[in-house]
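Scroll down for the structure; my scribbles are underneath it.
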Amino acid sequence: MNKKESKKGTLVGFGVGAIFFALFFYGAQQLFKPDLESELKEVAVELNRQSPVQIDEFTRLDSAASRGKTNLIYYYTLTGTEKSEVNVDTINKYLRPGVIENVKYHPDLKVFRDNNITLDYNYYDRNREFIAEISVTPDLYKDQNN
């Protein structure tokens with residue numbers, strides 16, 4: 001075997017090795033990719049460790065939960081409010097757009113946006129009566145032009 005054939009064989013061997021390495025690396029990444037369902041459960045567990053948390057003068061985060069690998073659910077209490085005092089149309093008109101904007105742009109929520117997670121916000125009055133749910137799905141926070 002002459003020097004030219006030896007060099008060609010080395011390049012082919014290197015190329016085949018690189019392809020196998022790339023395939024192995026990709027396969028290992030897929031195999032060891034974090035389980036999204038487990039990750040969401042861990043987020044909920046961590047939020048529950050820190051709860052309850054007074055978010056502002058009127059709102060307290062009581063707990064969180066996950067559902068499968070698609071939903072993270074927040075449970076809030078409007079501390080100074082009773083259900084009879086709340087107009088659901090007002091929530092949809094004023095609170096809902098702010099929640100959607102927060103999900104769209106808050107840097108801490110990027111990981112949820114990147115993984116197409118639906119964020120559900122459930123609101124209760126001070127007597128634990130359900131008031132409203134605001135569900136922010138990927139179609140609400142993703143740029144429709146992309």
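Key figures
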quantity	calculated
Which numbered condition residue 72 misses (of (1) aliphatic (A, V, I, L, M); (2) more than 21 Å from residue 45 (Cα to Cα); (3) touching a Leu at 6+ places or on another chain (Cβ under 7 Å))	(2)
Residues (in a loop (DSSP other than H, G, I, E, B), free of Cβ contacts under 8 Å to residues at least 60 places away in the same chain and farther than 17 Å from residue 82 by Cβ) located in the stretch 114-146	116, 137, 142, 143, 144, 145, 146
Condition broken by residue 109, with the remaining ones in (1) of a type outside the set (Lys, Arg); (2) at pLDDT 95 or above; (3) within 25 Å of residue 39 (Cβ to Cβ) satisfied	(2)
Residues (within 15 Å of residue 134 (Cα to Cα) and under 23 Å from the mean Cα position of the chain (by Cα)) located in the stretch 66-85	71, 72, 73, 74, 75, 76, 77
Any hit, the stretch 86-108, residues being exposed (fewer than 11 other Cβ atoms within 10 Å of the Cβ), more than 21 Å from the chain's Cα centre (by Cα), in the same structural domain as residue 40 (by TED's automatic domain parsing) and acidic (Asp, Glu)	yes
Residue within the stretch 69-91 that is assigned to a helix (DSSP H, G or I), free of Cβ contacts under 8 Å to residues at least 40 places away in the same chain and hydrophobic (A, V, I, L, M, F, W, C) present	no
Condition check for residue 63: part of a helix (DSSP H, G or I) and among the small types (Gly, Ala, Ser)	no
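The values are calculated or read from the model by the stated rules, or taken from the named source; none is laboratory data. Since this is a predicted model, take the numbers as computed values, not measurements. All Cβ positions, glycine included, derive from the backbone under ideal geometry; neighbour counts span all protein chains shown.
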